[in-house]
Amino acid sequence: MGDGIAPNPVLQHQQEILEDAQQRMAAWTKRRQEAIESGIDALKRMSGAATPIAAAGIYGEWMSSSINRLLADFQDAQAHALKMAEQFQHASKTMLGAAQLQQAATHPVVTEVTPSPAPSPQLREAAD
């Protein structure tokens, strides 16, 4: 950034959103891999269980860990949606602020108001 060119705030916001999404997708993929591995392990253990009650216990453990992974997915999705809303709000303010500055530069600001002339008596009579 030593070339004197100001960074584009909209592109910065997009980059932040993409980086956040990439991190969340990596975490999601890791949870899916854990789900596959724990599912295969649970099936192996269930097939070797001595009693149906032992198999049900293994299934319950697997189900509990699966629900925890789903909750983590929902929490990540919620956090990402919140981050996107914040980024959108900030980008909107930045863009609107830039548009207002540009408009102010091209259109002079009125600093003095000239009073309008009083209505003519003929207009007053017509209005009554």
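Quick note: the coordinates plus some simple rules give every number you see, no bench work behind them. Small disclaimer: the values here were computed from a predicted structure and weren't measured. Ideal geometry is used to build each Cβ from the backbone, glycine not excepted, and the neighbour counts take in all protein chains shown.
Quick notes on this one:
- Excluding same-chain neighbours fewer than eight residues apart, the lysines reachable from residue 93 by a Cα-Cα span under 24 Å are 83.
- Å³ per residue enclosed by the Cα convex hull of region 31-102: 55 Å³
- Extension gain for the segment residue 10 to residue 70, taken as residue separation times 0.36 nm less the Cα-Cα distance, is 18.3 nm to one decimal.
- Ordered by the number of other Cβ atoms lying within 10 Å of each residue's own Cβ, fewest first, 80, 13 fall into the sequence 80, 13.
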